[in-house]
Amino acid sequence: MSSYVNVHLTNSNRSFDSPWTYKVPENFEGQISVGSVVKVPFANRRKAERAYVTEILNKLPDHLSEDKVKAVVAVLTGEAVVTSEQITLAREMKRRYFCTIAEALDTMAPPYVLTSGSKSTQAARLVDRESALDLLEGDDLRSINHVRIIEFLLEYNSAPLNEIRQAVGVSQAILKTMEKNGIIEFFRTRVEKEDDTKIPAYEHELPKIATPEQNFAIDSIVSAATESDKHELKEYMLYGVTGSGKTEVYLQAARQILSMGKEILIMVPEISLTPLMTRRLRSRFGENLAILHSRLSPAERYQAWKKIIRKQVQIVVGARSAVFAPLENIGLIVVDEEQEGTYKAETKPRYHALEIARMRAMLQGAVLVLGSATPSVSSFYRSQSGKSQLLTLPKRIGTHGVAQVQIVDMRRQLMRGRKGLLSDVLEDELRQILEKQQQAMLLLNRRGFSRSIICYKCGWQMRCNHCDVALTAHRRSWGHSEDSLRMVCHYCDRLRPVPRKCPVCDSEHIGGVGMGTQQAEIALQEDFPQARILRMDQDTTRSRTSHDDILSAFSRHEADILLGTQMIAKGHDFHNVTLSAVLSADQMLGTGDYRDAETAFQLMAQMAGRSGRGQEAGKVFFQTLQPEHFVIRTAAAQDYETFYREEISFRERMQYPPFGHLGVFFIRGFSPEDTAEGAQALHAYASELIDQYGGSFKNTDLSAAAPAPINKMRDRYRFRIIARDPSVEVLTRLLQLTVDNTKMPEQVFVSVDIDPWSML
Ligand code: ADP
Ligand code: ZN
Ligand code: ZN
């Protein structure tokens, strides 16, 4: 008797993303399971296609005839690389995120190279260091990515391509271009299989004696885990300021649920920013822990994945993509700092880890716990409307109280003709801190040297020719021309030299406006020549260990001031920090995103929580031009609930999430006419659907097709259509039907997203 399989092709699109049936030839009998990867011939394509086995059939479906069914031609992995639950999840993701089954499975499966057992890999090095240095000094390089690759290789000599891609954040294509241009060369190097036993030293830690509030939370979570009715969501919101003992609740609940024979999944926003959490998990659970995050090398990731799928570990901690960890008997899913934007994927499939966590909690009957000191307005609303249960930890553990926050009105400073980074009060405070050998954290949420370059005479602003945005000035960091500026586009990474005079009016009076972290570092150093300053932003944290390096150097007091973007505000515990400040609170407000009040509040409240974690009481300063703004006032008072009440009524008034949802079509193309035409066609189809099925779409609101706020990016013109509806399901159906049934002009592409992280 022969058997058959249903597969999903990886090279597919939504129009033929259905299960296709193939025969399993005798020589592969018994080697294939659900979740295997095979190769199959398809239609009249010349090469066999990679496909995931999603079902095993022991007889041919009635509508197919034996002679029409082709056979599997190769088995790439006999061992399943995805579990059946992940296949179910992929079907859900296809529906919700407009991807194919295989695209969803590809985000869950381990790195493919390694599963196919290759022993060597491609690496790159510079062809010639001297000429590479010359390139850095000149103005011939076209992309900041080329600069970063050269800088990386100057520092490390050589590295496997996948490591370079991860560390620098570039695509394979960019490396290929640089090879073609003779800047770098490729060679083969051995894959180092990670040593399994390399677990860092840790100390065992005993659980703390829980406070009554902690006990209540732990008991609620654990007893929910013992009720085993699947398909009913058991969701909790654990709300409490930083230091109120949330992590202790996760750890103790996890221990009890683990002893019921179940598995634990703990999500953190970005693992390199939460070394404390991993250390604590390690000290409680020892070897029974796998750590997954984006900065692992493929080999490390594969090792971790293998341990999970072989059930050698029961606890998984990790960042966004760890939400797919192949656990099959989960009892508890924790999403710590649930409000963080890093949980939302910005490439296809554009999933939100919190939504996936919720789907998995349903599928496996696990308890879902969201933890935060500053919950997202949407998640907190769930706890106020009966969709989840609120657990509150009202105060910080220990004696130290809440830091005093002072709002500094920068308008007065400006009126007295004092510009610059630091107000007089902050400068004084900083001086005193440094004298007392204490530490300070300063947040400036803009990287680079200055926001842009303008002509002081005619107002011309230097913009990217390929994108509809201003260029940011960055300082060079290598060679003789160190300190000079170059202009970088933050959207397409292209470089331009700084012009000597204004191309419009010929004035030589041009210069930067809006200070970024690079310039702030220099200005601070001038004010405080003896201070040791560390800078932390996207530009100083490219390599795999740099987050950790900077943070541990700061915690060892190897620096006095930590200056950085929002990265510095997240979840660290520095006992010697007694001053923290938000240098320009206004920068975070009025960005045009409906969520900006929420993110600004979160960031400021986090900064306030950073100061005075040790014995000494801390001081916090918010510098602003809008001292009356409700976000600044409530953040200064660390009063989430007042903030929430004001914000939720705004959301309700505007029908923004969680009351309504936004479904956005982004249409991109090189030709403005074709792109507009594509956008019109989508709009026409969607409007017709709404007219035709008025009943289902009675609350749907559809905007006209219009140029997006950034109407050109990387030379592609961009249009946008926004649909709004109270129901995600209705929006999903509308977007899906429209995209699947509208034919786009050649070279015009559509992507759709619901409640996207950026609307620009
Ligand atoms: P959060 O996750 O809310 O920031 P943590 O769980 O990290 O809070 O707790 C803050 C600090 O208080 C940690 O050092 C932790 O070890 C300690 N802690 C937590 N709960 C207790 C407790 N019940 N008794 C004593 N110390 C505790
Ligand atoms: Zn000018
Ligand atoms: Zn650009």
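The values are calculated or read from the model by the stated rules, or taken from the named source; none is laboratory data. On a predicted model such as this, the values are computed, not experimentally measured, just so you know. When we count neighbours, we look across all protein chains shown, and the Cβ atoms used for this are built from the backbone with ideal geometry, even at glycine. These accessible areas exclude ligands, DNA and RNA; they are computed on the full protein's heavy atoms, side chains included. Shrake-Rupley method; radii C 1.70, N 1.55, O 1.52, S 1.80 Å.
Under 13 Å from the Cβ of Tyr644, count the other residues' Cβ atoms, weight Lys and Arg +1, Asp and Glu -1, and hand me the total.
Net charge in that neighbourhood comes out at -3.
Just how much of Leu414 is accessible, in Å², when a 1.4 Å probe is used and the result is rounded to the nearest 10?
About 90 Å², rounded to the nearest 10.
Could you calculate the FRET efficiency of Arg255 with Ala48 from 1/(1 + (r/R0)^6), where r is the beta carbon distance between them and R0 is 60 Å, rounded to 0.05?
Using R0 = 60 Å, I get an efficiency of 0.80.
Taking the Cβ-Cβ separation of Phe16 and Phe186 as r and a Förster radius of 45 Å, what is the calculated FRET efficiency to the nearest 0.05?
0.80
Straight-line reach from Lys436: which lysines have a Cα under 28 Å away, not including same-chain ones fewer than 8 places off?
Partners within reach: Lys419, Lys570, Lys619.
Beyond a 25 Å Cα-Cα separation, which of these cross-linked pairs lie in this structure: Lys344/Lys395; Lys47/Lys743; Lys348/Lys712?
Listed pairs above 25 Å: Lys344/Lys395; Lys47/Lys743.
Could you pull out every one of the lysines with an alpha carbon less than 18 Å from that of Lys306, ignoring same-chain neighbours closer than 8 positions?
Lys306 reaches Lys119, Lys193, Lys198.
What ratio of Cα Rg to 2.2 N^0.38 Å holds for the stretch 344-454?
Cα Rg divided by the expected 2.2 N^0.38 Å: 1.67.
Just subtract the alpha-carbon distance of Ser223 and Val498 from 0.36 nm times their residue separation and send over the number in nm, one decimal.
Result for the pair: 92.7 nm of gain on full extension.
Using mean Cβ contacts within 10 Å as the protection proxy, how do 77-83, 558-564, 383-389 order, highest first?
558-564, 77-83, 383-389
Kindly report the accessible area of the chain per residue (heavy atoms of protein chains, probe 1.4 Å, no ligands, DNA or RNA), in Å².
45
Using the Cα atoms of the chain, I'd like the radius of gyration and the largest Cα-Cα distance, Dmax, both in angstrom.
Taking only Cα atoms of the chain, I get Rg and Dmax of 27.3, 90 Å.
Would you mind pulling out the separation of the Cα centroids of the stretch 699-742 and the stretch 163-180, in Å?
That distance is 32 Å.
If you roll a 1.4 angstrom probe over the protein chains with everything in place, what fraction of the accessible area of the stretch 120-190 belongs to carbon and sulfur, to the nearest %?
Carbon-and-sulfur percentage of accessible area, whole number: 43.
Hey, rough spin-label estimate for Arg165 and Gln525, points 7 angstrom out along Cα→Cβ, what's it come to in nanometres?
So the label points at Arg165 and Gln525 sit 3.5 nm apart.
Just tell me which aspartates and glutamates come within less than 13 Å, Cα to Cα, of Lys457; anything on the same chain fewer than 8 places away is out.
Counting by Cα, and skipping residues close in sequence, Lys457 has these aspartates and glutamates nearby: Asp506, Glu508.
Just subtract the alpha-carbon distance of Ser84 and Glu652 from 0.36 nm times their residue separation and send over the number in nm, one decimal.
Net length gain for the segment: 200.5 nm.
What nm value, rounded to one decimal, do you get for the distance between Glu328 and Leu154 when each label is placed 7 Å out toward the C-beta?
For the pair Glu328/Leu154, the computed spacing is 5.2 nm.
If I compute solvent accessible area with a 1.4 Å probe over the protein chains, what percent of it on the stretch 3-115 is carbon and sulfur?
With neighbouring chains kept in place, the figure for the stretch 3-115 is 51 percent.
Across 10 Å bins from the origin, how do the percents of Cα pairs in the stretch 449-515 run, short distances first?
23, 52, 24, 1
Express in Å², to the nearest 10, the accessible area of Lys436 obtained by rolling a 1.4 Å probe over the protein heavy atoms while all chains stay in place.
110
Which of the pairs Lys94/Lys176; Lys39/Lys176; Lys234/Lys262; Lys39/Lys59 have their Cα atoms more than 23 Å apart in this structure?
Lys94/Lys176; Lys39/Lys176
Would you mind checking the radius of gyration and Dmax of the stretch 661-754 based on alpha-carbon positions, in Å?
12.7, 41
As a test, work out the antiparallel percent of DSSP beta bridges whose residues both lie in the chain, rounded to the nearest 5.
That works out to approximately 55 percent antiparallel.
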